[in-house]
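Inspection log for the structure reproduced underneath, given as C-alpha cells.
The values are calculated or read from the model by the stated rules, or taken from the named source; none is laboratory data. What you see is a predicted model; the values in this text were computed from it and never measured. All Cβ positions, even for glycine, are placed from backbone atoms using ideal geometry, and neighbour counts span all protein chains on display.
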Amino acid sequence: MKCNRVLITGANGLLGSAVVETFRLNTGAQIVGVGRHELDISNAEHVASTLEGFRPDLVINCAAYTKVDDCEAHEDHARSVNADGAGHVACVAAAIGADLIHISTDYVFNGNAVAPIPEDTEPGAPEHLCAYGRTKRLGEELVRQNHPRAVIVRTAWLFGRDGASFPRTVLQWAQSGMPLRIVGDQTGSPTYVNDLALGLLELVQHDVKGTYHFTNEGSCTWHAYAGEVLRNAGIIANIETITSEQLGRPAKRPKFSVLDMTQFIAHTGHRSRPWQAALGEFLRE
C-alpha cells in the first residue's frame, strides 16, 4: 500500500491515538489524525469533504461507537457510526483511489467457538449477536461492498494509554479497596494497542488485502487477566470469580472469541508477543 499521506479516523481514541503515534514515528508519511469532533463519519457529506480535501493515499478507520452496553439502548446511533459510517469512509476512499484499513472486532462472532477462530469464518447471525456486534458485522459488509481492496482487521480486548481499559480499571478498584468480582466464563486475547498499531504497519508494508486477525499471543479469562494485572503491580487482593449472568450486563458478550492469526502471520512473517509481556510493558510505563 502507498503510505505517503495517511488519514486516521478516531484519532483521539484508545487505538487511534496509538496508530497516529506509531505511524508518525515509523514512517516518513504525512499523518493527519481526526477525532469525532473533526470528522463525524456518520455524515456522508462530511466524510466526502474531509477525504477529498486531504486526498490521502491510505485511510485507517479506527472510529467506532464502542460502548458495548450503551449500544443496546442506542442501536440506531451505533449503526450510524459502526455500519453506515464505515460504509461512507469505504465509499469515498475507493472513489479517490485511497487504500483502506478498517478496524473490526471479535464481537462479530457468536462466541460459541471452542478453538481459535480463523479469518474466513462466517460471522455470527445478527440475531445471535449483541447490538455492538450486529452493527460492526454490518460495517464489515458495507466496507467490502464499497471498497473491494479494503483490509479488515478484527481485534479484541484492547488496552493502552489513552483511554479506559481493563488493567487500569482493575488497579483503580484494587487501590480503592473495592471488592474484585471478575467473570471467569469469557475467554479472549488481551491486545496492547501499541502492538496492534505495529501490526497495521506490517500489513501496509506487505501490501495485502482481505480480512486479518490481530491480538497479542495467548488467551485467558477476564479473571485470569485481572490476576496478572495485580501480580505485575505487586498488589495482593482476593478476586472472586463470577459468571456473566451474575455480572448482569445489558449486552451479551462472546463466551469464547480467541482469534486465529494464521493469515496475518503467513502474509507478514510477523508474530505478536504474548499478552503477558505486552501487559507488563504497559504497566511499567
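Look at segment 260-285: where a residue is more than 13 Å from Ala233 (Cα to Cα) and in contact (Cβ under 8 Å) with a residue 60 or more places away in the chain and a partner is of a type in the set (D, E, K, R) and part of a helix (DSSP H, G or I), sitting 6+ places away or on another chain with Cβ atoms under 7 Å, you get Thr268/Glu202; His270/Glu202; Ser272/Asp195; Arg273/Asp195; Ala278/Asp195. For Thr262, the stated conditions do not hold, so it cannot be described as closer than 28 Å to Leu58 by Cβ, crowded, with 17+ Cβ neighbours inside 10 Å, within 20 Å of the chain's Cα centre (by Cα) and among the β-branched types (Val, Ile, Thr).
Residue pairs whose Cβ atoms lie under 6 Å apart, separated by 6 or more positions or on different chains, with the first residue in segment 196-211 and at negative phi and the second part of a loop (DSSP other than H, G, I, E, B) and not polar (S, T, N, Q), are Leu196/Phe214; Gly199/Phe214; Glu202/His270; Val204/Met1; Val204/Cys3; Lys209/Arg149; Thr211/Glu119. For segment 231-243, the count of residues that are in contact with a Ser or Thr (Cβ under 6 Å, 6 or more places away or on another chain), in a strand (DSSP E or B) and crowded, with 16+ Cβ neighbours inside 10 Å is zero. Among the residues making up segment 17-70, those that are in a helix (DSSP H, G or I) and either β-branched (Val, Ile, Thr) or within 16 Å of Gly163 (Cβ to Cβ) (or both) are Ser17, Ala18, Val19, Val20, Glu21, Thr22, Val47, Thr50, Val68, Asp70.
All conditions in (1) of a type in the set (Asp, Glu); (2) surrounded by 15 or more Cβ atoms within 10 Å (Cβ to Cβ); (3) in contact (Cβ under 8 Å) with a residue 60 or more places away in the chain; (4) not in a loop (DSSP other than H, G, I, E, B) hold for Glu228, with the sole exception of (3).
For segment 1-44, a residue qualifies if it is closer than 16 Å to Ala197 by Cα and touching a Pro at 6+ places or on another chain (Cβ under 7 Å), and the qualifying residues are Val6, Leu7. Only one of the listed residues (Val89, Val68) is crowded, with 23+ Cβ neighbours inside 10 Å, modelled with pLDDT of 95 or more and either closer than 27 Å to Glu202 by Cβ or of a type in the set (A, V, I, L, M) (or both). That residue is Val89.
Here Ala94 does not qualify as of a type in the set (Gly, Ala, Ser), in contact (Cβ under 8 Å) with a residue 40 or more places away in the chain, in a helix (DSSP H, G or I) and buried (at least 22 other Cβ atoms within 10 Å of the Cβ). Just name the residue that is farthest from the chain's Cα centre (by Cα) out of those in segment 102-139 that are assigned to a helix (DSSP H, G or I) and surrounded by fewer than 24 Cβ atoms within 10 Å (Cβ to Cβ). Among residues in segment 102-139 that are assigned to a helix (DSSP H, G or I) and surrounded by fewer than 24 Cβ atoms within 10 Å (Cβ to Cβ), the one farthest from the chain's Cα centre (by Cα) is Glu127. In the set Gly188, Gly184, Gly199, Gly163, only one residue is within 17 Å of the chain's Cα centre (by Cα) and either closer than 22 Å to Asn110 by Cα or not small (Gly, Ala, Ser) (or both); that residue is Gly188.
Please find, within segment 244-259, the residue that is surrounded by the most Cβ atoms within 10 Å (Cβ to Cβ) out of those that are more than 21 Å from the chain's Cα centre (by Cα) and of a type in the set (Gly, Ala, Ser). Checking each candidate, the answer is Ser244.
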